[in-house]
Amino acid sequence: MSTQPPTGTYPPIAEHGIVGDLQTAALVSTAGDIDWWCTPRFDSPSLFASLLDRAKGGHCRLAVDREAVPDAEVKQLYLADTAIVVTRFLSPDGVAEVVDFMLPDTSPVPSPEHRLLRVARVVRGRVPFVLECRPRFDYGRGTHRLALPDRHTAHFQGPDQELFLQSTGPAELSADGTDAVSRFVLGAGELTAVQLTTRPPGGQGRPSPPTDDGAFAAFEQCREFWYRWLKASRYHGRWQQIVDRSAITLKLLSYHPTGALIAAATMGLPEQVGGERNWDYRYTWIRDASLSVHTLIELGFEQEALAFRHWVRDRIEAAGAGAEPLQIMYRIDGDPHLSEEVLADWEGYRGSFPVRAGNAAADQLQLDIYGEAAYAFAAGDGDMGALRGWQAFSRLVDWLADNWDRPDEGIWETRGGRQDFTYSRLMCWVAFDRAVRIAGKHARPADLHRWSGVRDDILRQLVDRGWNAERRAFTQHYATDVLDASLLLMPKVGFLSPTDPDWLSTLDAMDQELVSDSLVYRYDPAASPDGLRGSEGTFNLCSFLYVEALARAGRLNQARYAFDKMLTYANHVGLFAEEIGPSGEQLGNFPQAFTHLALIDAALALDRELDRHDHLL
């Protein structure tokens, strides 16, 4: 019995929710497919990846049998204030649900075993279901063996890990080649639990089989975890629901054993369908995660902010005497090796080839990361803790004093050559500004005379060379008149006032060149070639940075209108990918942490400015 979907049919990127256990995460499509799951870590090779190759990637389906109920309407939602996904199937003959969740693992060390629970239940009528488990180990490159020791257990033995599929009730399993499938029917009030367990190979016996009562108890435990965690939030503003969803998403993308925040749960999803801008985002960028620290503290999640500061401090302390003390990104455990390979046998999402695993941009020179690291350390009380941590940071700042005035690849990781990027210089200014402040506040030893002098030299250079008199705006780099949305952070980091005439002029220029109906492009690749073919959509991060900049500038009506319109581009469960395409479709890796971070920051800034305005009335 084969019910495998036809090759070439891909769901929209936005048609997914995400579940996770704080060490790994899986995407659940509105069709009931787990079509993306890398385990035992976010950055491990995939087990299910039909989102990148429908024929070769593998999936696990638990859904209403569409052959028997072709007209079922589907609605997917999150159980409020949790990371529990509910996919509902509604038809005249019955209403069914599939509930997906992973129990959060708060162990301080990586766990070798990970478990995803799927529960099918019927609310009304009698509904036929289909269950398929078609794993494809190691990005589809690894073969596996299947054993069916009983009617409710399938054991898949891959090259480096094993998968157990265990079911309850009428979901009896049979083999379809080396895959396992089942068809069954549930009546009103009946349910079937399906448990997926991954672990290293090695004769540990079968996992404890699921029971209906056990699945319900795990469900309650998962729900209670998310309720307790979200109670720490101090946000009670105008956009409670979407801010809470973004906070939960950031938590889902955090690797609990180290505190590292990954950029996105996926790799290879295209910025342009059919194009080559298909990157692996399952790593921790110094930039993205550092900027999250202020936001987490403001929301009330101090433990998460502290954990990441410790992670960055460890990277700084481990920095060698090489050319650059820090890489722009690392694996979630701090490993600096992210060699990039092309998965040549995969066609990519809707033919978007190449599919890349790993990220060669890790070796780029991006000097802005030192400013973002300093920005993170200055958050809260600015105390870096142990003296050794300060000494390592001080050495990093001393290195930057000798190296700040160099061309680099810039924030957007272009592959078109180095330039004197204005944003990179801006964040170098931030590095020295915050280092001077931290040293003074906590009486730490430092070469304050030199650091202050470099800080002032950078400011003068930015004003002299970063400002384009003809455009009346700060531009992308010193040799161009092209604008760049990364400079929306200028007032946020304190380089100039949000109402400074030069900044308002820059903001007006961005309105004309980069903004399209509240959606913001990073820059114009045609005017500033980045070494890659094709185009891209508007960048959600930049769209929310634009809202925040408008709010800080006092343009509250414009900011609120832009923010409310941006929220209409969220998917059905409040998630954002990296970009928005020309028809409003979500593009790029999904969900993207930096986008949800910027959404929260925009909401916080808008609330603050609106409250201030209301108080003055």
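The values are calculated or read from the model by the stated rules, or taken from the named source; none is laboratory data. What you see is a predicted model; the values in this text were computed from it and never measured. Here the Cβ positions follow ideal geometry from the backbone for every residue, glycine too, while neighbour counts run over all protein chains shown. Note: accessible area is taken over every heavy atom of the protein model, side chains too, but ligands, DNA and RNA are not part of it. Shrake-Rupley method; radii C 1.70, N 1.55, O 1.52, S 1.80 Å.
Considering the stretch 432-487 alone, what residues qualify as being of a type in the set (Asp, Glu) and part of a helix (DSSP H, G or I)? Break it down into steps so the answer makes sense when it comes.
Just the residues of the stretch 432-487 that are of a type in the set (Asp, Glu), to begin with: 433, 447, 456-457, 464, 470, 481, 484.
Asp433, Asp456, Asp457, Asp464 - these are the residues of the stretch 432-487 that are of a type in the set (Asp, Glu) and part of a helix (DSSP H, G or I).
Being surrounded by fewer than 22 Cβ atoms within 10 Å (Cβ to Cβ) and under 21 Å from Ser290 (Cβ atoms) narrows it down to one of Val493, Val515, so name that one. Working first, answer last.
Working: Val515 fails: under 21 Å from Ser290 (Cβ atoms).
Of the residues listed, the single one that is surrounded by fewer than 22 Cβ atoms within 10 Å (Cβ to Cβ) and under 21 Å from Ser290 (Cβ atoms) is Val493.
When the stretch 571-616 is limited to residues that are of a type in the set (Asp, Glu) and open to solvent by less than 30 Å² (accessible area, probe 1.4 Å), the one that is farthest from Leu253 (Cα to Cα) turns out to be Asp607.
Consider the stretch 220-241. How many of its residues are assigned to a helix (DSSP H, G or I), open to solvent by less than 40 Å² (accessible area, probe 1.4 Å) and either under 18 Å from Val86 (Cα atoms) or among the polar types (S, T, N, Q) (or both)? Total meeting the criteria: 3. When Ala379 is tested against (1) buried (at least 16 other Cβ atoms within 10 Å of the Cβ); (2) modelled with pLDDT of 90 or more; (3) in a loop (DSSP other than H, G, I, E, B); (4) within 26 Å of the chain's Cα centre (by Cα), exactly one condition is not met: (2).
Filter the stretch 76-111 down to the residues that are within 18 Å of Arg121 (Cβ to Cβ) and without any contact (Cβ under 8 Å) to a residue 24 or more places away in the chain, then identify the one that is surrounded by the most Cβ atoms within 10 Å (Cβ to Cβ). Here the residue is Val86.
Every residue, every condition in (1) of a type in the set (D, E, K, R); (2) surrounded by fewer than 15 Cβ atoms within 10 Å (Cβ to Cβ); (3) more than 30 Å from Ala14 (Cα to Cα), yes or no:
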{"site": "Glu347", "(1), (2), (3)": "yes, no, no"}
{"site": "Gln364", "(1), (2), (3)": "no, no, yes"}
{"site": "Trp390", "(1), (2), (3)": "no, no, yes"}
{"site": "Ala401", "(1), (2), (3)": "no, no, yes"}
{"site": "Gln419", "(1), (2), (3)": "no, no, yes"}
{"site": "Leu426", "(1), (2), (3)": "no, no, yes"}
{"site": "Arg434", "(1), (2), (3)": "yes, no, yes"}
{"site": "Trp451", "(1), (2), (3)": "no, no, yes"}
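Just to be sure before I move on: is Tyr370 in a helix (DSSP H, G or I), out of contact with any Gly (no Cβ under 9 Å at 6 or more places or on another chain) and buried (at least 23 other Cβ atoms within 10 Å of the Cβ) in the structure I sent? Talk me through it step by step, then tell me what you get.
Numbers: in a helix (DSSP H, G or I): yes; out of contact with any Gly (no Cβ under 9 Å at 6 or more places or on another chain): yes; buried (at least 23 other Cβ atoms within 10 Å of the Cβ): yes.
Yes, satisfied.
Listed by position, the strands (runs of 3 or more DSSP E) enclosed by the stretch 89-190 that each have at least 2 residues that are small (Gly, Ala, Ser) are 94-101, 114-134, 174-176, 179-187. Can we say Arg206 is open to solvent by 50 Å² or more (accessible area, probe 1.4 Å) and closer than 27 Å to Asp160 by Cβ? So Arg206 passes the test. Among the criteria (1) under 33 Å from the mean Cα position of the chain (by Cα); (2) of a type in the set (D, E, K, R); (3) open to solvent by 30 Å² or more (accessible area, probe 1.4 Å); (4) under 18 Å from Val194 (Cβ atoms), the one Glu132 does not fulfil is (3). Considering the stretch 311-328, and only residues there that are free of Cβ contacts under 8 Å to residues at least 60 places away in the same chain and out of contact with any Leu (no Cβ under 7 Å at 6 or more places or on another chain), the residue that is nearest to Val355 (Cα to Cα) turns out to be Gln327. Only one of the numbered conditions (1) under 20 Å from Leu550 (Cβ atoms); (2) small (Gly, Ala, Ser); (3) open to solvent by 30 Å² or more (accessible area, probe 1.4 Å) is not met by Ala473, and that is (3). Could you list, in sequence order, the residues of the stretch 117-136 that are in contact with a Gly (Cβ under 7 Å, 6 or more places away or on another chain) and among the aromatic types (Phe, Trp, Tyr)? Correct list: empty.
Applying the criterion of at least 2 residues that are farther than 30 Å from Ser352 by Cβ, of a type in the set (Ser, Thr, Tyr) and modelled with pLDDT of 95 or more to the helices (runs of 4 or more DSSP H) found wholly in the stretch 498-570 leaves 501-513.
Select, from Leu496, Leu488, the only residue that is within 31 Å of the chain's Cα centre (by Cα) and without any contact (Cβ under 8 Å) to a residue 24 or more places away in the chain.
Numbers: Leu488 fails: without any contact (Cβ under 8 Å) to a residue 24 or more places away in the chain.
Sole residue among the options that is within 31 Å of the chain's Cα centre (by Cα) and without any contact (Cβ under 8 Å) to a residue 24 or more places away in the chain: Leu496.
Determine which member of the set Trp279, Trp239 is in contact (Cβ under 8 Å) with a residue 24 or more places away in the chain, farther than 25 Å from Trp311 by Cβ, in contact with a helix residue (DSSP H, G or I) (Cβ under 8 Å, 6 or more places away or on another chain) and among the aromatic types (Phe, Trp, Tyr).
Values: Trp279 fails: farther than 25 Å from Trp311 by Cβ.
After ruling out the rest, the residue left standing is Trp239.
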